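Worksheet for the structure shown next.
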Amino acid sequence: SSNVHLAIMNPHAQSWEFQLGEVDPSTPNAIKAVTVQSILEESGLKRIDYLKMDIEGGETQLFSHPDRDWIDNIDCMAIEIHGADAEAALENALKGSDFIKSRKAEKFVFTRPVGAAIKERELSPKKF
């Protein structure tokens, strides 16, 4: 939703249990986090062919944020979902889109129908 700095809030946990939280940029070991939209803008790219996300519980915040126009510029997404709230936020964010969903455990893959990505490149991005 915005470019912020993050840090591991539970550094003594096992690596797969780490939780991130927003911190002041001067915090030791702070990591700059960026939005998908800023990646598109800074790279000059108009589309992302394949986006893989494993943001350890940040899915609810990402997909609940009202600024989701970047999704129109993604052709395929692979996302590891953590919890029912995250799954509901993702489903709501993609409601009405042309993504085809497949799932195995907590991993979701969303692809556009064959040819849709090519059409999307020729047209303006559509709204959900």
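Side notes on the structure shown:
- The condition (being at pLDDT 90 or above and assigned to a loop (DSSP other than H, G, I, E, B)) is satisfied by just one residue among S102, S124, S97: S97.
- Filtered residues of the range 63-73 (kept if open to solvent by less than 30 Å² (accessible area, probe 1.4 Å) and more than 10 Å from the chain's Cα centre (by Cα)): D72, N73
- Flag if L40 is of a type in the set (A, V, I, L, M) and closer than 17 Å to D75 by Cα: yes
- Among the residues making up the range 1-44, those that are in contact with a strand residue (DSSP E or B) (Cβ under 8 Å, 6 or more places away or on another chain), under 27 Å from R68 (Cα atoms) and open to solvent by 100 Å² or more (accessible area, probe 1.4 Å) are M9, Q19, L20, E22, K32.
- Selection count where residues are surrounded by 16 or more Cβ atoms within 10 Å (Cβ to Cβ) and among the small types (G, A, S), scope the range 74-88: 1
- Selection within the range 45-62: residues that are of a type in the set (V, I, T) and not in a loop (DSSP other than H, G, I, E, B). The member of this set that is surrounded by the fewest Cβ atoms within 10 Å (Cβ to Cβ) is I48.
The values are calculated or read from the model by the stated rules, or taken from the named source; none is laboratory data. Just so it is clear, the structure is predicted and the values come from calculations on it, not from any experiment. As a convention, Cβ positions derive from the backbone with ideal geometry for all residues, glycine included, and neighbour counts pool all protein chains shown. To get the accessible areas, we keep the full protein, side chains included, count just its heavy atoms, and leave off ligands, DNA and RNA. Shrake-Rupley method; radii C 1.70, N 1.55, O 1.52, S 1.80 Å.
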